[in-house]
Amino acid sequence: MNRRDFLKRIIKSALALLGLSFLLSLIYIYPAKIKKKGMKLVHAFDEEELPRRGVKRVDFSYEYGNRTINTLAFIVMAKEGFIALSPVCSHLGCLVNWDRNKGEFLCPCHGGRYDMEGRVIGGPPPAPLTRLPLEIKEGKVFIGIKV
Amino acid sequence: MGKIFDWIDSRFGVKEPHRRFLQRPLPEKLNYSYCLGGAAFTLFLMSVVTGLLLSIYYVPSETEAYKSVIRINEEVRLGWLVRSTHKWSANLLIIFIILHTIRVFITGSYRPPRELNWIAGVFTFIFAMASGFTGYLLPWDQKAYWATVVGTSMAGTVPFIGNALLYFVRGGPEVNGTTLIRFYSMHVLWIPVMMFIILCAHFHMVKKQGISGGL
Ligand code: HEM
Ligand code: FES
């Protein structure tokens, strides 16, 4: 093979490689998950465990795909009835704790404070704690989880 | 292939003015070490392309950055491949710039009239290092965060203007979301643009001055 043909072949291989990379890029750009976001009601605990007053932390788990996911929520006996609050701080996502003595949710990370119903009363959080859907059916309590 | 190229080039006209350049005389004793600059350039292009791809999924925010990187690694199809290619090409770029510099040094190609091209080369090296430093923060994990805290704190040791310099690079007294955004902007916009400009100058000079005749 002479030098000219050799170079031509190199250029062609380079172009082929470029084409392949282009195809791979398209695969990469195409969204991997087109599943729509939905809500899933999971059986968290039973009715008799609902707090009679104040706030109660409930730990529960649910199956997602082939994984078991452990999570938690705060159940609050509010004026309008039971509400479930997500423990994820709206600032940077740390998990808040319920402080029984102060009657507030406190965030350990930057001192965010929320009242019993999740409204911000101090610190950096920009929004209240997220309310999770809560349903009581046949003695069972279901909490709505985003999936 | 040739036909398509000829059709385009008969209108675009890039071949004719380059004929003399492509058929220019080269020094007798060329060897593969003269490809090191070209290899560095190839790596630069690879990091640009994979970087553009990463920017499709990466989210430069305090709350989302880390999550989006995990998503690229675990969910996005071929995401791991794109991310690793970006990392490897960036690291190899630094190595190949150094090897290329050694070649230029050994063959004495920095001598007149090529001093300015040596200087341009030094700038490509500075930009490549700056790109590595700013890129390292972007995953926003513990390693990245503390590396940036330590790295930027060096600016604070400069006499007299140390503090002002520190605020300048961090965007405030500490490393936080503001730092992340300015590092992101530097990494994907400012440095690549400056690198592009300096490489144009570098190649322009290689073209004008020709490859040096060796020792
Ligand atoms: C992104 C980094 C760089 C790229 C992509 C690059 C690319 C190139 C290319 C393609 C050439 C043509 C000859 C060859 O490949 O050996 C070249 C020549 C040259 N480079 Fe670089 N280079 C880079 C960094 C540097 C650095 C850090 C220096 C020196 C400190 C430097 C100094 C020179 C000089 C003086 C020449 C002319 C050599 C001659 O005429 O024999 N370059 N560069
Ligand atoms: S994460 Fe809760 S206050 Fe910052």
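Being more than 14 Å from chain A (Cβ to nearest Cβ) and without any contact (Cβ under 8 Å) to a residue 12 or more places away in the chain is true for just one of B:Phe125, B:Phe105. Which residue is that? Spell out how you get there, then give the answer.
Values: B:Phe125 fails: without any contact (Cβ under 8 Å) to a residue 12 or more places away in the chain.
The conditions single out B:Phe105.
Give the residue, chosen from B:Val188, B:Val169, that is modelled with pLDDT under 95 and either in a helix (DSSP H, G or I) or aromatic (Phe, Trp, Tyr) (or both). Let's see the steps before the verdict.
On the way: B:Val188 fails: modelled with pLDDT under 95.
The conditions single out B:Val169.
For B:Ile72, indicate whether it is hydrophobic (A, V, I, L, M, F, W, C), part of a helix (DSSP H, G or I) and away from ligand 1 (no atom under 16 Å from the Cβ). It is true that B:Ile72 is hydrophobic (A, V, I, L, M, F, W, C), part of a helix (DSSP H, G or I) and away from ligand 1 (no atom under 16 Å from the Cβ).
May I ask you to say which residue of A:Gly65, A:Gly93 is out of contact with any strand residue (DSSP E or B) (no Cβ under 9 Å at 6 or more places or on another chain), away from ligand 2 (no atom under 16 Å from the Cβ), within 14 Å of another protein chain (Cβ to nearest Cβ) and at pLDDT below 90?
Numbers: A:Gly93 fails: away from ligand 2 (no atom under 16 Å from the Cβ).
Being out of contact with any strand residue (DSSP E or B) (no Cβ under 9 Å at 6 or more places or on another chain), away from ligand 2 (no atom under 16 Å from the Cβ), within 14 Å of another protein chain (Cβ to nearest Cβ) and at pLDDT below 90 holds for just one of A:Gly65, A:Gly93, which is A:Gly65.
For B:Gly151, work out the one condition from (1) within 16 Å of ligand 2 (Cβ to nearest atom); (2) away from chain A (no Cβ under 14 Å) it doesn't fulfil. Failing condition for B:Gly151: (1).
Examine the range B:156-175 for a residue that is within 16 Å of ligand 1 (Cβ to nearest atom), more than 14 Å from every other protein chain (Cβ to nearest Cβ) and not polar (S, T, N, Q), and state whether such a residue exists.
Quick first cut of the range B:156-175, residues within 16 Å of ligand 1 (Cβ to nearest atom) only: none.
No; the residues of the range B:156-175 include none that is within 16 Å of ligand 1 (Cβ to nearest atom), more than 14 Å from every other protein chain (Cβ to nearest Cβ) and not polar (S, T, N, Q).
The values are calculated or read from the model by the stated rules, or taken from the named source; none is laboratory data. As the structure is a computational prediction, the values presented were derived from the model and not from experiment. Cβ sites come from the backbone with ideal geometry, for glycine too, and all protein chains shown count toward neighbours.
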